[in-house]
1. Residue by residue through A:235-246, how many Cβ atoms from other chains fall within 10 Å of the Cβ on average?
2. Put one equal scatterer on each alpha carbon of the protein assembly as shown, apply the Debye formula with no solvent term, and list log10 I(q)/I(0) at q = 0.09, 0.10, 0.12 1/Å to two decimals.
3. Test of understanding: ordering A:GLU206, A:GLU293, B:GLU164 by Cβ neighbours within 10 Å, fewest first, what list do you get?
4. Tally Lys/Arg at +1 and Asp/Glu at -1 over every other residue whose Cβ is under 14 Å from the Cβ of B:ASN176; what's the total?
5. Obtain the nm distance between the two label points defined at B:LYS44 and A:GLN222 by a simple spin-label model: each point lies 7 Å from its Cα along the Cα-to-C-beta direction.
6. For peptide B:195-202, compute the average count of partner chain beta-carbon atoms within 10 Å of each residue's beta-carbon.
7. Mind checking the mean number of beta-carbon atoms from other chains within 10 Å of the Cβ atoms in A:349-356?
8. Between A:VAL272 and B:ASP117, what is the FRET efficiency for a Förster distance of 35 Å, r being their Cβ-Cβ separation, to the nearest 0.05?
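Taken together, the values in this text are just the output of simple stated rules run on the coordinates, not laboratory data. None of the values given here were measured: they were computed from a predicted structure. We place every Cβ from the backbone using ideal geometry, glycine too, and count neighbours over all the protein chains shown.
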Amino acid sequence: MTDVLTEAQQLAYANAQAADGRVNVEVETEDGMTLNIGPQHPATHGTLRVVARLDGEQVVSADVICGYMHRGYEKLCEVRSYPQVTTLINRIDWLGSFANEVPFILAAEQLMEIEVPDRAKWIRTILFEMSRLANISLFIGDLSLQVGAQTPAFLAFRDREYVLNQIEAVTGGRFHPNFDRIGGLKDDLPKGWIADTKAAMVRIREFCDLMDELVLGNEIFQMRMRGVGIIPPEVALSYGLSGANLRGSGVDWDLRRDANIGLAYDQVDWKVWTHPDGDSYARSWVRVQEIREATKIIDQLLDTMPSGPVMAKVPRIIKVPEGEAYVATENPLGEMGYYLVSKGDTGPFRVKIRSASFNNISIVPWLLKGVYVPDIIAILGSLYFILGDIDR
Amino acid sequence: MADDAPTTDEAPVEEAPPTDERREAVVAELRELMGDAVVDALVKPGLGIWVRVATDAWSETAEVVRHRMDFRFFDFLSAIDWLPSPYGRYEDSAVDVPFPPPMPDRADAEPGYTGGDTRFQVLGSVAKPGTDLRLLLKADVPDDDLRIGTWVRTFAGAAWHERETHEMFGITFEGNPDLRHIYLPSDFEGHPLRKEFPLLSRVVKPWPGIVDVEPMPGEADDAEGGEDA
């Protein structure tokens, strides 16, 4: 059969088969082979498909196919009222849900010119950083799993639970808090929460130390990750990479420090971590430092928590004045922003969702050129994407 | 405590800066470099810069902001359809409204900041690394010919964003070699983010928060039972 088909037809056939069978298919052609990864593959944590053309063990070119989870949030936002939108956007980056709500609420508040009470600002910042802990602690476990280490994954799931319990205690939701409101927060902190959270932060710092030894300090891990998938800073900027992927390339830029809007980061003493190498190891290393730093931010904010209300005075039916606003925050995965266009209605006229993973993953075709097959997994793992954040 | 500082709830008097010199300087620099291609600009002090450039200067703008103004971080690229939605907010049930509803007049499309003459506008955002400076760039896309220059030669990351904008709005970016669908199936027809594209799930079944078309399970049984009796 292969004699009568052109190469393009063979590839199309193989790709179709791969999509149907959800298995990895390798097709030999005259000048190489095509390897399909996904859409269902452990290394893609979600439904992402990578089709790589190989020459021996090396990738000649790679194509990323996404959209298996596209839910059309930008369209759906246009028919919902402002309070209803947070329920939707919770589901973009589902491991750090609360952090998704914040930039949208901040954009709406900017247009309404609402000043949020200090206590709400503090609690928002704490929950924002806790989303980071929940998100990135799982990243480390997941990454280790992909490069062949089982134990850190279980430790990550165990220790993430301390954070999720605290988030649940405040918001009532472990994964989708839907807690942020225009003008403040839905509710105040429960009794005894501050002490419990401090204890949880100690556990997370222990987890970081453990990961330093078990993962980052592991010789096999370093061999797999060092010098693999190097992204120079200029390339990272031109692809719009953000978060630890950008700081892992040595760009000292963090929106929490440099463009802080409406959160309490200017009230605490903390540090932005960067790594000059730009390889997969650097990205993982920066993330571990970031969650350790996040626990310090949370501890300081808990110590300086102001008293007072958690909600500003807002009208019962929320109408946002006509105007446009773009607010971006430094989410666990990188820069997340909402471009909000209001026509003075009860719902947005247009929302453009700038999610971190979409830009972070757009570099993959460039990055995979010339790498070896096992490194594909290490690179995808270290870029760290959430499918909901790519497909929105 | 003797030296107890008087605590007041009033915040220290802050004078809102009426102008934002840093952002005004960015606009001035762009005007100098681009000349007449800068159609309009708006600075919201402390919040953002909006600049509308001429359609045929769209690609050149990217070159200028990246190479001559140090806005090297590509943020996002998208488009806005300024036509009011013919379906409103789907608050009426499908029974009340004829489908498809009459299209709004083209003249009803009202552009936002920095104005505009066309229904569609592209919107791009770039930022200066290490700072909070961000440029929101807009350009009109001619109504009769939805074409505009590409940014991929300047910002590699624009490739995917242009693919998305192409499938969602039907705007063609000249010079982008790969405008395949990115989210939608390759045989999908229509451009979902255009205002005239209906959100079919809402057309078929109106939003239950607004029109409760189906009685609750218990109520239905009770009502029928009541009629029978």
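1. Details: counts 2, 4, 11, 9, 8, 14, 3, 3, 0, 0, 0, 2.
Per residue, the average neighbour count from other chains is 5.
2. -0.77, -0.95, -1.35
3. With the sparsest Cβ surroundings first, the list reads A:GLU206, A:GLU293, B:GLU164.
4. Working: positive: B:ARG147, B:ARG153, B:ARG163, B:ARG180; negative: B:GLU162, B:GLU164, B:GLU167, B:GLU174, B:ASP178.
Result for the local shell: -1.
5. 4.9
6. Numbers: counts 4, 0, 1, 0, 5, 0, 3, 3.
Per-residue shielding by partner chains comes out at 2.
7. What the average comes to for A:349-356 is 4.
8. Numbers: r = 43 Å, r/R0 = 1.23.
For A:VAL272 and B:ASP117, the calculated efficiency is 0.20.
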